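Student: Have a look at this one.
The values are calculated or read from the model by the stated rules, or taken from the named source; none is laboratory data. The shown structure was predicted, so the numbers you read here are calculated from the model rather than taken from an experiment. Neighbour counts run over all protein chains shown; Cβ positions are idealised from the backbone, glycine included.
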Amino acid sequence: MFDGETETEVSPAMKERADGVGLEIRRPQWSPNTIRAHEVTLYAKERGMDDRFHHVTTRAYWTEGADFNDLAVLQGLAEEAGLDWSDLGPRIEADEYRDAVMREYEAAKEQGVGGTPAYLIDGELHAGDVGIDELREAIKSASQ
């Protein structure tokens, strides 16, 4: 989940969805180690800024192939999202959030999650390149 090789092509369905909303998308040649990005996400979540950080990192990954294991890259993304790196940086370097991230990772694995994105809706796992129609149907079914 945190690093490894990746597919070199964006799936046709993903490309079509991105094109449909005017997004540029390119699959990076490799998948960066994301544990530090998850740590920054926990910091951002504590401050109610995780949605903004997620938006910034998603764009950086899919358009620039950002390396989330590089602290300088994370600093730039965190600051772009409005996070205070002078407070956050030392916490990341000290692995303050590492145990919490690993607990979340283990809990996700127990639910059957093996990658991202992943959605658990009414006990059913929807993972990978899942279309919006599938997610809407799952939410609709769960709300009945």
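Student: Would you confirm whether or not region 80-102 contains a residue that is out of contact with any strand residue (DSSP E or B) (no Cβ under 8 Å at 6 or more places or on another chain) and under 28 Å from GLY20 (Cα atoms)?
Tutor: yes
Student: Which condition breaks for HIS38 when tested against (1) free of Cβ contacts under 8 Å to residues at least 60 places away in the same chain; (2) surrounded by 14 or more Cβ atoms within 10 Å (Cβ to Cβ)?
Tutor: Only one criterion in (1) free of Cβ contacts under 8 Å to residues at least 60 places away in the same chain; (2) surrounded by 14 or more Cβ atoms within 10 Å (Cβ to Cβ) is unmet by HIS38, namely (1).
Student: Which residue is modelled with the highest pLDDT, if the candidates are limited to region 34-66 and must be within 20 Å of ASP129 (Cα to Cα) and among the polar types (S, T, N, Q)?
Tutor: THR57
Student: Here are some conditions: (1) free of Cβ contacts under 8 Å to residues at least 60 places away in the same chain; (2) touching a helix residue (DSSP H, G or I) at 6+ places or on another chain (Cβ under 9 Å). THR63 meets all but one. Which one does it not meet?
Tutor: Condition not satisfied by THR63: (2).
Student: Something else now. Tell me which residues, restricted to region 53-70, are surrounded by 16 or more Cβ atoms within 10 Å (Cβ to Cβ), of a type outside the set (S, T, N, Q) and either in contact with a Ser or Thr (Cβ under 9 Å, 6 or more places away or on another chain) or not in a loop (DSSP other than H, G, I, E, B) (or both).
Tutor: Of everything in region 53-70, those that are surrounded by 16 or more Cβ atoms within 10 Å (Cβ to Cβ), of a type outside the set (S, T, N, Q) and either in contact with a Ser or Thr (Cβ under 9 Å, 6 or more places away or on another chain) or not in a loop (DSSP other than H, G, I, E, B) (or both) turn out to be PHE53, VAL56, ARG59, ALA60, TYR61, TRP62, ALA66, PHE68.
Student: Being in contact with a His (Cβ under 7 Å, 6 or more places away or on another chain) and assigned by TED's automatic domain parsing to the domain that holds ARG17 narrows it down to one of VAL73, VAL101, VAL40, so name that one.
Tutor: Details: VAL73 fails: in contact with a His (Cβ under 7 Å, 6 or more places away or on another chain); VAL40 fails: in contact with a His (Cβ under 7 Å, 6 or more places away or on another chain).
Of VAL73, VAL101, VAL40, the one residue that is in contact with a His (Cβ under 7 Å, 6 or more places away or on another chain) and assigned by TED's automatic domain parsing to the domain that holds ARG17 is VAL101.
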